[in-house]
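Structure, as structure tokens:
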Amino acid sequence: MEKRKFRSKKVSERITLAVIYTILAIISIVWLVPFFMLIIISFRGEAVGMSADYLFPKQWSFDNYIKLFTKTKFLTWYGNTLLVSAIVTVFQTIIVLMTSYALSRMRFKLRKPLMNLMLILGMFPGFLSMTAVYFVLKEINLTQNLLGLMLVYTASSAMQYYICKGFFDTIPKSLDEAARIDGASRHTIFVKIILPLAKPIIIYTILTAFIAPWGEYMFSSFIMLGDTDKYTVAVGMKSWIDNATLMSEGYFSIFCAAAVVVSIPITALFIWLQRYYVAGVTGGSVKG
Amino acid sequence: MVDLEYLKLSPFGKFWFNFKAFFKRLPSSFAAFFKAIPKKLYSLWLAFAGIFINIGRAAKDGDWKTRSSFVVMGFGLITRKQYLRGILYLFFEVLFILYMVFFGWKYLAKMGSLGEVVRAEVWDDAVGDYVINNYDNSLLILLYSLLTIFIMTAFVYMWYQNVKGNLLSQQYVEAHLHLPTTKDDINSYVNENYHKSLLAIPMLGLVLFTILPIFFMIFIAFTNYDQYHMPPAQLFEWVGVDNFQTVLGGGIGSNSKTFAYTFKEVLLWTIVWALFATVSNYVLGMIVAILINKKGIKFKKLWRTILVMTIAIPQFVSLMFMSQLLSEQGLINNILLKWNWIDKPVPFLSDGTLAKVVIIAVNIWIGIPYSMLICTGILMNIPEDLYESARIDGAGPFKAYMQITLPYMLHVTMPYLITQFIGNLNNFNVIFLLTGAVPEPMDMHYANRTDLLITWLYKLTLSGKQYGLASVIGIFTFIVVAVFSLIFYNRSKSVKNEEEFM
């Protein structure tokens, strides 16, 4: 009796496991299929446009990739995005780190009001300010200009101090105090003590700052309006999608090829630095 | 309700309790707000009085050096050998005067009318041709007037600091104390004043690219800036609260009714969307994480990596790809037609109701890996013995989930959840890239059935060029976000006890 009960428990556990495996397998398929479709379509050799009613190409070829780099402006867009991302990453990281350190370690009269102000500013839809920013940029001749886009991306980075400050708060204050007794200045403490300890959060900040411009559409489409040489990949690829003529000429497969090319570096970067990403998101949220 | 009862509530019960409490508290918090006004005014008065007392003291007790610095900023400091500070004050004053005389004043003077001279070509005898007159540009007038007001405020603050600083250095000298030298001043900026050096540049960016533009757009909401009043060719002017009336339905003109209707529809969908998108992603993501974490499941890392790979692919790529697959001429419809499963294309994204369901489904597909990733780490932190004792008490897996897992997760991830919700209220990419190109129905004004406030704002600005109305929508978006943040953040006393969870 006892033994049978034990066995039945084991059987039911096995059934549970089997069910879970099935669910996981289905989830994996659902999640992966669109990406395989994307890759497969990018190798489509024939230009069928939107009327295609099959997935697997009749001719496999690299034509789309060759066309992508020789016949379209994709390479320019890719370069633009890479340049913007790289420069924005540097400045945004510096600004976020400086703001977080000041708000975490220094005590001054305007500290609380400043944090509340940034909380309230964050509630305004970013796009609301875009018209005004656009005319400011136009006055200093920075519309349709990558520098203008970088400025817009970097200028309000201070508002992203939240997660980084949460991390700084966890570094014991006694470290600072010990260093101050030894005669170190605040600046020395920041650069020589806090920054080396903050490696995970620095990598998190770099990662998010670098990835953001690749997917940002709202601001870049507004600032680069009409100048196809200055597009970022997101704006450029959306301009193909919006153009029905291009799509009917088989640009959909070129779009897929472009998508693959865009995804490769970011995927690699992401998988490589995944654990910092998780640490950043959860670290920030645990702090509240 | 006592704390213990509150803690017993289910998570949704808690939310509902907070939700009700917020609106119940609303009258009393308004009352408290107005009751606090006299007190606030009094403390404000005290602060102001303090400023004037300081200035008065400087005028009375100050020697000729301190008094001269009322006019020539930094004079007292320079004569007392605090060169750096003194020169900086003086430099700032000169710069300010130059700015006001050659630039700021011109614009500030016209702020009341926003300009009167319309751009035109006039005959110029000297040139012998038509030239463009010296016209007013309402947009620049408003923008630079605001900038000038900002700079004037900064100047008044600096002037006050200058007066205070001069008096202080005089008192130092009189008391034979060591006066901070230039070297000391510079030194203080890497020590006790280090925050000033750190925050200077970030704050400058914030003021110029966020605060100034937001003020500008709030002012624009009270003007008739639209496609018929486009600077530089035309002027626009103040129209009071007309735009607000149009949005709320009390406006005049044929457009107003459609506009008010669109606003109602868009607002409702924005809230519904944010709620569904956040909850569905969170709950399903947690379930996936629990499944993967379950004891006995092999290849945990593989399952996780499969999902994580999809995060790494830029969202805009997968969203645009999805919008193509699901469009009426898209691959999925074509294949379904070929297999004769359907007779005519399914309007996945173009039919209002269906599109809403599809959008939430696509968002689940995009968002689950994120929430799974976040939940995984936290799930592993839940002490195993909690489950053990629950099992001994005879709780099934469902009960254990409701009583242990969910409360723990909600407690830890609440801030994440709130940010997600707020982010979803303003989720531009998902909506715009999926259904942004879907044409607007007749009864809507520059919006289709799936537009959120933020995408509507974008369309009103870019295709509609109705900047005044768009600003009103922007202000309303802010109000919606602010109200929801208040509901979530406004932790009553009982919620604060939750900090001590386990």
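Nothing in this text is a laboratory measurement; each read-out follows from the coordinates by a stated rule. It should be emphasised that the depicted structure is a prediction, and the values quoted were computed from it without experimental measurement. Please note: Cβ atoms are built from the backbone with ideal geometry, for glycine as well, and neighbour counts cover all protein chains shown.
Computed from the Cβ-Cβ distance with R0 of 22 Å, the FRET efficiency linking A:Asp229 to A:Phe69 stands at 0.85. Relative to the longest principal axis of the Cα atoms of chain B, the long axis of helix B:83-99 makes an angle of roughly 80 degrees. Projected label points at B:Ala482 and B:His178, each 7 Å from Cα along the beta carbon direction, are separated by 4.9 nanometres. Simple spin-label estimate for A:Ile181 and B:Ile37 gives 5.4 nm between the two label positions (7 Å along the Cα-to-Cβ direction from each Cα). When the alpha carbon gyration tensor of chain A is reduced to an equivalent ellipsoid, its three semi-axes come out at 41, 36, 16 angstrom, largest first. Peptide A:214-220 has a mean shielding of 5, counted as Cβ atoms of other protein chains within 10 Å of each residue's Cβ.
Extending 7 Å from the Cα toward the beta-carbon at both B:Ile132 and A:Phe56 defines two label points whose distance is 6.2 nm. With R₀ set to 51 Å, the beta-carbon distance separating B:Lys164 from A:Lys199 gives a calculated FRET efficiency near 0.75. Over the C-alpha atoms of the range B:1-127, the Rg to Rh ratio, Rh being the Kirkwood estimate, stands at 1.31. Projecting the Cα positions of B:Asn381, B:Tyr416, B:Ser463 onto the charge dipole of chain B (unit charges on Cβ atoms of Lys, Arg, Asp and Glu, taken about the Cα centre) puts B:Asn381 furthest along the positive direction.
Using only the C-alpha atoms, the convex hull of the range A:28-178 corresponds to 232 Å³ per residue. Neighbour counts of other Cβ atoms within 10 Å put B:Val239, B:Val412 in the fewest-to-most order B:Val239, B:Val412. Listing B:Trp339, A:Trp77, A:Trp240 from fewest to most neighbouring C-beta atoms within 10 Å gives B:Trp339, A:Trp240, A:Trp77.
With everything on Cα atoms, drop me the angle between helix B:254-293 and the longest principal axis of chain B, reported from 0 to 90° to the nearest 10. Between the helix axis and the principal axis of chain B, the angle is about 60 degrees. Here chain B is assigned +1 on the Cβ of each Lys and Arg and -1 on the Cβ of each Asp and Glu. Its dipole about the Cα centre then comes out at about 1560 debye.
The mean number of Cβ atoms from other chains found within 10 Å of a Cβ in peptide B:141-153 is 1, as a whole number. The stretch between B:Ser113 and B:Ile287, if pulled fully straight at 0.36 nm per residue, gains 56.6 nm over its current Cα-Cα span.
Converting the Cα gyration tensor eigenvalues of the range B:81-121 into ellipsoid dimensions via √(5λ) gives semi-axes, longest first, of 36, 9, 5 Å. Here the scattering of chain B is modelled by Debye summation over its C-alpha atoms, one equal scatterer each and no solvent; at q = 0.10, 0.13 Å⁻¹ the log10 of I(q)/I(0) is -1.10, -1.30. For the protein assembly as shown, the alpha carbon positions stretch 102, 82, 54 Å along the principal axes, listed from largest to smallest.
For chain B, the longest principal axis of the alpha carbon atoms and the long axis of helix B:352-379 meet at an angle near 80°. Across the range B:443-457, computed HN-Hα scalar couplings (Karplus, 6.51 cos²θ - 1.76 cosθ + 1.60, θ = phi - 60°) run 8, 10, 10, 6, 8, 9, 5, 9, 6, 8, 4, 5, 6, 5, 4 Hz from first to last residue, x flagging Gly and Pro.
Largest first and in whole Å, the equivalent-ellipsoid semi-axes of the range B:217-366 read 43, 23, 16, each the square root of five times a Cα gyration tensor eigenvalue.
Exposure proxy shown here: for A:Lys109, B:Lys65, the number of other Cβ atoms within 10 Å sets the order, fewest to most, as A:Lys109, B:Lys65. Phi angles of the range A:166-183 translate, via the Karplus equation with coefficients 6.51, -1.76, 1.60 and θ = phi - 60°, into HN-Hα couplings of x, 5, 4, 4, 7, 6, x, 5, 4, 4, 4, 5, 4, 5, 5, 4, 6, x Hz per residue; Gly and Pro are given as x. Inter-chain neighbour count for A:130-140: the average number of beta-carbon atoms from partner chains within 10 Å of each residue's beta-carbon is 6.
On the beta carbon distance between B:Ala437 and A:Asn116, with R0 = 45 Å, the FRET formula returns roughly 0.70. Pairs exceeding 27 Å between alpha-carbon atoms, taken from A:Lys199/B:Lys298; B:Lys110/B:Lys465; A:Lys173/B:Lys294: A:Lys199/B:Lys298; A:Lys173/B:Lys294.
Remark on the range B:103-203: hydrodynamic radius 18.3 angstrom, per the Kirkwood mean of 1/r across alpha carbon pairs.
Computing Rg and the Kirkwood Rh from the Cα coordinates of the range B:254-500 gives a ratio, Rg/Rh, of 1.04. With bins 10 Å wide beginning at 0, the percent of Cα pairs of the range B:62-240 falling in each bin runs 9, 25, 25, 18, 14, 8, 2, 0.
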